[in-house]
Every structure is written in C-alpha cells, then in structure tokens.
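Below is one structure, written out as structure tokens, with a few remarks after it.
Nothing in this text is a laboratory measurement; each read-out follows from the coordinates by a stated rule. Computed from a predicted model, the values in this text were never measured in an experiment. Note that we place each Cβ from the backbone using ideal geometry, even for glycine, and neighbour counts take in every protein chain shown.
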Amino acid sequence: MSRPDDSVPSVPPRGGIEWNNLNWTVVIAIAALHAVAVAAVLPMFFSWSGLVLFLVLGWLTGGIGITLCYHRLLTHRSFRTPRWFEYLLTLCACLAWQGGPVEWVGVHRLHHKHSDDDHDPHSPKHGFTWSHILWMLRREIEGIRAHEAARDLLRDPVMRRIDRWFWVPQIVLAGLLLGVGWWIGGWMLGLSWVIWGVALRTVVVFHVTWFVNSASHTWGYQNFKETGDDSTNLWWVALLSFGEGWHNNHHAHPRSAAHGMRWFEFDLTWQTIRLLSWVGLARDIHRPPVEVPDAPSAEKPAPARDICPEPLPALPRTAGES
Ligand SMILES: [Zn+2]
Ligand SMILES: [Zn+2]
C-alpha cells in the first residue's frame, strides 16, 4: 500500500567519509599506490626508460583505455568496433585499475542521468573532495545500482569475465616490468620501471580522471547552458585527459564521439577515433552537432538526454513504497 508521497524519492546522503561504510580494499589500494608513487621523486629510481614507460602506458591506459574505451565506447556507444578489438581496448582500461567495466560504466551513466542533482553519485555540490575521491571509498552509495545501468555489458559472458578479473592484468604487467627490467639492467632498473610505469602512472591517471568529475564541474566555461547542470569546459583537464575536459559539450551531447566542438577545443581521442575509422576499426560514429554556438547559448529547457542505447534504472523507491 503506497502513501501519496511515496513516489517522491528520498534525498540520498552524500559527502564526507562514513567510517562504517568504507570499502577497505579500495582505500588500501589507493593509499598503497600513492605511497609507492612518491618513491619516483628519489633520483635512485629515475631512469629515462621508466619515464618513457610512464608516458606510453599513461596514454595507453588513460587515453585509450579509460577515455576511448570505458567512456566513449562502452558507456555511451559513440561508435562501434569489432568485438575482439573492444575486448582488447577493455583490457587496456583494466590496466588503469579504476574498477571493472560494469561498475565504471554504470556509475558514469547514472552521473549523466542525475547530473548535479541529489542522486548524482559524484557531484561537487556534495563537496569538491567528495566528487574527486571520497565517493569511491564507500562500500555502497545509497541509490546507486551501477550494475542495473550496465546490463548490456552483463549480457556478454566475455565482458563479465573481464569485469570479474579486471585487477589481474596490472599485476601481470608489474611482474613483467620488474622481471624484464632486472634482466636488462638489474634490480634498480626493474624497480624504476614498476615505480614509474605502474605506481606513478596509475596515480596520475587516477587524478586526471577524477578531475573530470571534480574540476570539470567547478571551473571553466559552458557552451551549452541548457544542460542545466554545472558541467564545464576546462582546458587543462582536456589536455591532461585526452579531450575529456570539454565536459559541458559532452553533457549537452553525451553520445557524440567528439567532445571538443569549437576550433580551439583540441580533442586527441576524437582524432584517434577518426584514425580508427580510416583503418576500419571504428564505424557507426556519432558525429558532433553541426551547429556549435560561438558564444554560450541562451538558457533553454534541458533537452531529453540520449546517454546510451540502454534504458537506465528508475530512481530508488522510498521506504514504505510497495
Ligand atoms: Zn559530468
Ligand atoms: Zn559521459
């Protein structure tokens, strides 16, 4: 039996640290990676080959893995690729240790559905630090059922398996770097490769991704005020994140494969997707809108948002609703 006001979802609590609701695996993994990454400042662990590994693996895991695959391909289906290539890209994303594809995609779709309202999983409206890192330290965030928002991925048995074992490729990579580095130049080179190519690279890619959630909803400009949220275009986040910082454009047109839309909004990932289409690895590309305003557009009612091909779950029911 429903009461008349049961249809109004309760406001889920957001912000701060809940000590009895911490995901200790995540807390310890993030803390340990930061602790090891700090060792990169010690000259004894520097090597030029370690720096090259940091840059190449940063692009491969952050640019190709998280930005191109988890975000534009799996979350928004901005383009299509052959299935084998999709799995390969997903493995690159797993190396960023930002969780398996199902959780990542589900949370991000719910962020678009509830951008900067009370039900957004990570809005700076609940605190800048909350949007940057604190939200993911919780075992559960009330009202967030990420798996229901990523049912398309769960229907694929290979994707389910990759999701279950997402943490393994990074361990294998660390072992390989340590072993090959030791074989070529001794223990110090092996350690240098692990510290620069795994720990520091993962931590930097973490913060770059997290800045999209925090800084690109706080500072910058809006081309599309009609999004009705706080998403912004922020040049330095765009440069670091391979184009993700043109985030207000993206909130206005979530399925567009291009996030940079004005001539100066450089978007390396969009250029990469174009390159993939030339070699036959990307098709059915969602193009950016033809008209992009030169000046911020006038405020209009928010458009219906086409976030992904899947219907997304409704807001959680309130207690007492039948
Ligand atoms: Zn956003
Ligand atoms: Zn998105």
- [ ] List every residue whose amide H lies under 5 Å from the amide H of Leu22, counting only residues 5 or more places away in sequence or on a different chain, with H placed 1.01 Å from N in the peptide plane.
- [x] Arg139
- [ ] Using the Kyte-Doolittle scale, find the helices of the chain whose mean hydropathy is at least 0.5 and whose Cα atoms extend 24 Å or more along the helix's long axis, counting only whole DSSP H runs.
- [x] 168-185
Task: Selection of trypsin sites (Lys or Arg not before Pro), region 149-212, meeting DSSP coil and at most 15 other Cβ within 10 Å - done: Arg155
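Diagonalise the Cα gyration tensor of the chain and give the resulting equivalent ellipsoid semi-axes, square root of 5 times each eigenvalue, largest first, whole Å.
Working: eigenvalues 217, 119, 76 Å².
Gyration-tensor ellipsoid for the chain: 33, 24, 20 Å.
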Task: Pairwise label distance in nanometres, Ile28 with Leu239, each label 7 Å out on the Cα-Cβ vector - done: 3.9
TODO: Starting from region 123-194, pick out the GluC sites (Glu not before Pro) whose DSSP state is loop and whose Cβ has at most 12 other Cβ atoms within 10 Å.
DONE: Glu140
Task: Fewest-first ranking of Ile195, Ile64, using other Cβ atoms within 10 Å as the exposure measure - done: Ile64, Ile195
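If you take the square roots of the eigenvalues of the alpha-carbon gyration tensor of region 49-113 and sort them as a ≥ b ≥ c, do you get rounded (a/c under 1.5), prolate (a/b over b/c) or oblate?
Judged from the Cα gyration tensor, region 49-113 comes out prolate (a/c at least 1.5, a/b above b/c).
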- [ ] Quick one: compute the contact order of the chain, relative version, from alpha carbon pairs under 8 angstrom and 6+ residues apart, as a percent.
- [x] 25
Open item on the list: Counting only helical runs of four or more DSSP H residues, what would the 222 nm mean residue ellipticity of the chain come to if each run contributes -39,500 (n - 2.57) and the total is spread over all its residues?
Closed with: -12000 deg cm²/dmol
Task: Net length gained if the chain between Val11 and His207 were fully extended (0.36 nm per residue, minus Cα distance) - done: 67.7 nm
